[in-house]
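The values are calculated or read from the model by the stated rules, or taken from the named source; none is laboratory data. Small disclaimer: the values here were computed from a predicted structure and weren't measured. Note: ideal-geometry Cβ built from the backbone for every residue, glycine included; neighbour counts use all protein chains shown. These area figures cover heavy atoms from the full protein model, side chains too; ligands, DNA and RNA do not enter into them. Shrake-Rupley method; radii C 1.70, N 1.55, O 1.52, S 1.80 Å.
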Amino acid sequence: MSVRDRRAEVSTAAWSPLAREVARFAVVGGTGVAVNLLTFNLVRHLTSIAVVPAGIIATVVSIAVNYVGFRYFTYRDRDKSRRAREIGLFLVFSAIGLLIENGVLAVATYGFGWDSPLQSNVFKFSGIALATLFRFWSYRIWVFRVLPESPGASQPGSRGAPGRKGAVRASGTAGWPRRAGPPGSFLDEARASLRSATPGILAFIAARTGSLLALVLLGSGTPRHTLHRLAVHWDAAWYIDIARHGYDHSLHPPVAAGHPSPRSNLAFFPLYPALIKAVHTALPVAGWGGAALLVVGACALVAAWGIHAVTAYCYGRRVAVLTTVLWGIAPLAVVESAGYSEAAFTALAAWALLAVLRHKWPAAAALSVAAGLTRPAGVAVAVAVMAAACHEVVQRHRRRRASAVPDPPPAQAQASGPAPMRLWQPVTAFVAAPLGWLGFIAWTGRRMHDWRAYFRIQSMWNSRFDFGIHTAGQFRGLFTRDPSAHLSFSITALLLVAGLILLAVTIAQRQPLPLVIYSLIITAIALGDTGHWSSRGRFLLPAFPLLIPVATGLSQARKRLTPIAVTAGLGTLTACYGAYVMLYSVRAP
């Protein structure tokens, strides 16, 4: 046998199990697609049911057909000992697939008005394709598990041996091809982090989906009107105005078409509008509102991933999942699905803090600069990075003095092991961290020919830092004014008090120094600002370390259903409050 024949045989032996699985999955999936489309069109043309409900009915019918096919045809040789668990996971992942599938149809129908029979079928099929990819990955990894491999079934490392497929599955890496790269490379770390965060991200998606459903159900208009309001209401209109027309050239700009008011839009930082403009340039069919929602959705997922990564690094996966879910059901979490910049800022802040904890100083500095270009609260990220860098330099100096041993020459250090972290990295991070925040303020001063221009613009928005004097007056008014106070006024007061309590608990919990400093400054901004009272709760939203003590307490509950019941109840309440804030409140969140 020639070398070429042997290579072909090995390749065939390695790929044939996966090829057979894909073929069987395609047969069952194709049958499910046919049943789905047939049911969808029958319901659509023979009844008066609307497009999206008809799509949901068709998906439910196809899910039942798919389970029978997958269980008794595609994965008939898989483990059958835990049928209740299997059915439960199948329904969970099928429900997520349903949301993916019909979410595409809903955005096309209600977001863009594409509801003709041809357009409905095109987007229905597109949603089916995306959901099918997700289901293939989730079913083969989580639902239909491989039978445990018997001892001696195959020799380790033998290609094409009978037990090879089970061994690969047990490692948790099947279906995710590895690229060539050194062990511990950035790509490998990202894959491992994403695999670990998958349960938390899925739970976060479920929480945000429930909030969006509450908005649709409690809204007085059509779903399309609700999505439009999320995209362009309140501060979202300012960000879209910047993305479309750029920044103003004066402190008192004229009210032009699309400009929300005569106040200057220089109060808003540039990175988030730049992302909106980039997405709109790449996808002009989405419109400006659609581009904003796409950016927010992507940033919210990256933020959830980053929150899970930070929390898991410090407290473990269980606490990380609960922290991610709690951030998704926070009282003002509705802005994580609206055209606001909190999701983008939280994503940058979370990954910057993780980089600091792992001593990745160049990445921490770059992310801090980006966070400083996203929101005024970027100063919290910058100070956290600077404090951690300063602490690192001091600790290294102390260790060097204590050891009284000079650093080895570079050649000797390379021969003896990994090179130690160079001192210039934390020093550079200390210097570079605030440049994004300071750079935008300096650019604003140059544009207005006044170095105080940014602070004057903030004063026009009634936003100044007075160390809590205005907040104290608001609290005093809570007990001395008419008891029929506005709902958002009382909720904001409760959130500020809860933020202070949780800050004290995080300090008592002895969280890592960067997390404590970050939470401290975010809380100080929320308490010390004189701006709109109803927005203070939103200012606290990026302070996700404040949720870690709550998640830690839930993770220690004796009954496993307690965290589920608590988060479900809180999620229902906050979803209703979010719908009230975005749809009916006269005060901006």
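Accessible surface calculations at 1.4 Å, restricted to protein heavy atoms, place the range 17-142 at 47 Å² per residue. Shown here are the Rg and Dmax of the Cα trace of the range 17-142, at 15.0, 48 Å. Electrostatic bookkeeping for SER264 treats Lys and Arg as +1 and Asp and Glu as -1; over the other residues with beta carbon under 13 Å from its beta carbon, the sum is 0. Couplings for the range 264-281, taken from phi via the Karplus curve 6.51 cos²θ - 1.76 cosθ + 1.60 with θ = phi - 60°, read 6, 7, 5, 6, 9, 7, x, 5, 4, x, 5, 5, 4, 5, 5, 5, 5, 5 Hz in order; Gly and Pro are left as x. In the context of the full protein assembly, LYS80 retains an accessible surface of approximately 90 Å², using a probe radius of 1.4 Å and ignoring ligands and nucleic acids. Centroid-to-centroid, using Cα positions, the range 329-375 and the range 486-559 are 16 Å apart. Of the peptides 396-402, 345-351, the ranking by mean beta-carbon count within 10 Å, highest at the top, reads 345-351, 396-402.
Between LEU130 and LEU91, the simple spin-label model (points 7 angstrom out along Cα→Cβ) gives 2.6 nm.
For the pair VAL394 and TRP424 in one chain, pulling the backbone fully straight at 0.36 nm per residue adds 9.5 nm over the alpha carbon distance.
Label separation (HIS245 vs TRP142): 4.6 nm, computed from points 7 Å beyond Cα along the C-beta direction. In terms of accessible area, using a 1.4 Å probe and ignoring ligands and nucleic acids, THR281, THR132, THR109 rank largest first as THR281, THR132, THR109. Farthest towards the positive end of the charge dipole of the range 17-142, among the residues ASN121, TRP137, LEU46, is the Cα of TRP137, using unit charges on the Cβ of Lys, Arg, Asp and Glu. For LEU218 and PHE73, the difference between the fully extended length at 0.36 nm per residue and the C-alpha to C-alpha distance is 47.9 nm. Ranking MET582, MET386 by solvent-accessible area of protein heavy atoms (1.4 Å probe, all protein chains present), from largest to smallest, gives MET386, MET582. Between ARG464 and ALA192, the modelled label-to-label distance comes to 5.2 nm, taking each label 7 Å out from Cα in the direction of the beta carbon. Using the Cβ-Cβ distance between VAL285 and VAL586 with R0 = 51 Å, the FRET efficiency computed as 1/(1 + (r/R0)^6) comes to roughly 0.90. One chain, two ends: ARG476 and ARG446. Fully extended at 0.36 nm per residue, the span grows by 6.8 nm beyond their Cα-Cα distance. Three principal axis extents describe the C-alpha atoms of the range 223-372; from largest down they are 52, 38, 29 Å. Expressed as a whole percent, the accessible area of the range 17-142 that falls on carbon and sulfur atoms is 75 (1.4 Å probe). Placing ASP115, ASP248 in order of accessible area, with the largest value first and a 1.4 Å probe, yields ASP115, ASP248.
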